[in-house]
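**Student:** First the structure, which I've put down as structure tokens, then a few questions once you've had a look.
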Amino acid sequence: MKNPVVHFEVVAKDGEAAQEFYSKLFDWKLDTDNPEKYGSLEAPESGGIGGGIGTAPEGSPGHVTFYVSVDDLQSYLDKAESLGGKTIMPPTEIPDQVTFALFADPQGNVVGMVKGEMESQ
């Protein structure tokens with residue numbers, strides 16, 4: 001697959017409550033040892049993808065999305081817009097972690113993209 005889905009994300013108004021819910025529901029072991037208290041879930045060895053659960057920015061209702069690996073974030077944002085989508089977040093780098101962007105499809109669903117491969121996220 002040229003552009004695989006490499007990460008999922010649940011962002012909620014109450015990130016800690018969401019982390020507790022999904023951890024208990026699926027027996028997930030989330031790593032929240034970071035300044036944002038973002039709960040990272042490593043991809044299982046048996047298959048599947050890794051993901052994360054965190055707190056939505058102030059004023060945001062939150063979202064559930066997936067991230068697709070692409071080689072050029074801006075060109076894919078431009079293509080999404082040409083097809084009726086809308087850029088939600090331009091290419092953004094979190095140093096030493098990931099460079100990503102978000103867009104909404106024509107129906108308003110939020111989808112993320114990451115530049116290159118994400119390692120064991």
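The values are calculated or read from the model by the stated rules, or taken from the named source; none is laboratory data. All of these numbers come straight from a predicted model, not from anything done at the bench. Note that each Cβ is placed from the backbone with ideal geometry, even for glycine, and that neighbours are counted across all protein chains shown.
**Student:** Is it the case that some residue within region 91-98 is farther than 24 Å from Lys115 by Cβ and surrounded by fewer than 11 Cβ atoms within 10 Å (Cβ to Cβ)?
**Tutor:** No, because not a single residue in region 91-98 is farther than 24 Å from Lys115 by Cβ and surrounded by fewer than 11 Cβ atoms within 10 Å (Cβ to Cβ).
**Student:** Which residues, counting only those in region 9-32, are crowded, with 16+ Cβ neighbours inside 10 Å and of a type in the set (Phe, Trp, Tyr)?
**Tutor:** The one that is crowded, with 16+ Cβ neighbours inside 10 Å and of a type in the set (Phe, Trp, Tyr): Tyr22.
**Student:** Of the numbered conditions (1) more than 13 Å from the chain's Cα centre (by Cα); (2) within 20 Å of Ala12 (Cα to Cα); (3) surrounded by 17 or more Cβ atoms within 10 Å (Cβ to Cβ), Val110 satisfies every one except a single condition; which is it?
**Tutor:** (1)
**Student:** Can you tell me which of (1) buried (at least 18 other Cβ atoms within 10 Å of the Cβ); (2) at pLDDT below 95; (3) out of contact with any Asp or Glu (no Cβ under 8 Å at 6 or more places or on another chain) is the one Val6 doesn't meet?
**Tutor:** With (1) buried (at least 18 other Cβ atoms within 10 Å of the Cβ); (2) at pLDDT below 95; (3) out of contact with any Asp or Glu (no Cβ under 8 Å at 6 or more places or on another chain) applied to Val6, the lone miss is (3).
**Student:** Of Pro57, Pro35, Pro61, which residue is more than 22 Å from Val110 (Cα to Cα), surrounded by fewer than 17 Cβ atoms within 10 Å (Cβ to Cβ) and of a type outside the set (Lys, Arg)?
**Tutor:** Result of the check over Pro57, Pro35, Pro61: Pro35.
**Student:** In this structure, is Ala80 within 18 Å of Pro4 (Cα to Cα) and touching a residue at least 12 places away in the same chain (Cβ under 8 Å)?
**Tutor:** Taking the combined requirement at face value, the residue satisfies it.
**Student:** Where the second residue is of a type in the set (A, V, I, L, M, F, W, C) and surrounded by fewer than 16 Cβ atoms within 10 Å (Cβ to Cβ) and the first is within 17 Å of Phe8 (Cα to Cα) and lies in region 29-45, which pairs have Cβ atoms under 6 Å and are six or more apart or on separate chains?
**Tutor:** Leu41/Trp28
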